[in-house]
Amino acid sequence: MPKIVHLSLKEHFSAAHRLNSPHLSPEENVELYGKCNHSNGHGHNYDLVVTVSGSIDNTTGMVINAQMLKDWVTTRVLDVLDHRNIDKDVAYFGDHPSTSENLAVFIWIQLSQVLPPSLSHRIDLWETPRIGVSFSGEGLTENDIKECVV
């Protein structure tokens with residue numbers, strides 16, 4: 001039986017957003033999101049942990065080359081989100097409220113497009129030291145992946 005190892009990479013990024021759903025009226029958005037719906041938005045210093053799981057390769061002794069993972073997280077996630085206004089700078093969030101939940105899904109999809117299919121991965125995203133979300137790809141459809149554009 002192969003040994004399954006979980007390799008984690010922790011990163012940090014800062015971004016602004018406004019919690020606002022295009023599917024709700026302005027009044028409903030204020031009622032639901034409160035001060036997080038402020039017209040000028042607000043920001044977070046996010047902590048991101050990407051965990052990749054798989055068998056240890058007999059030749060390399062690794063699940064994945066950690067530098068490759070770091071490079072993919074940089075180009076597919078940090079370069080897209082860090083010091084950005086998520087709602088205005090990332091097309092995906094034109095139709096999806098920029099909640100931490102949707103942000104974790106976006107990050108998961110971005111990395112799924114470059115990670116080897118033999119590996120599974122999980123996203124842990126902390127918007128504050130006390131509130132975070134995790135996502136491992138459950139429930140995604142091909143359409144979800146197609147509409148995930150930068």
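The values are calculated or read from the model by the stated rules, or taken from the named source; none is laboratory data. Note that this is a predicted model, so its numbers are computed, not measured. Cβ coordinates were reconstructed from backbone atoms using ideal geometry, including for glycine residues, and neighbour counts include every protein chain displayed. Heads up: the accessible areas ignore ligands, DNA and RNA and are worked out on the full protein's heavy atoms, side chains in. Shrake-Rupley method; radii C 1.70, N 1.55, O 1.52, S 1.80 Å.
Computed values, structure above
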item: Region 20-142, accessible area per residue, ligands and nucleic acids excluded (1.4 Å, Å²); result: 55 Å²
item: Virtual paramagnetic centre 7 Å along Cα→Cβ of LEU32, amide N under 15 Å, in region 81-103; result: 93-103
item: Accessible surface of ASP95 - all protein chains present, 1.4 Å probe, nearest 10 Å²; result: 110 Å²
item: Stokes-Einstein diffusion coefficient of the chain, Kirkwood radius over Cα pairs, 37 °C, 0.692 mPa s, in µm²/s; result: 201 µm²/s
item: Among ASN58, ASN102, ASN37, residue whose mean-square fluctuation peaks in a GNM of the chain (springs only between Cα atoms under 10 Å); result: ASN58
item: Solvent-accessible area, 1.4 Å probe, carbon plus sulfur percent, for region 34-150; result: 50 percent
item: Label-to-label distance, nm, for residues given as LEU24 and VAL5 (7 Å Cα→Cβ offset); result: 4.5 nm
item: C-alpha long axis of helix 100-112 to longest principal axis of the chain, angle in °; result: 40 degrees
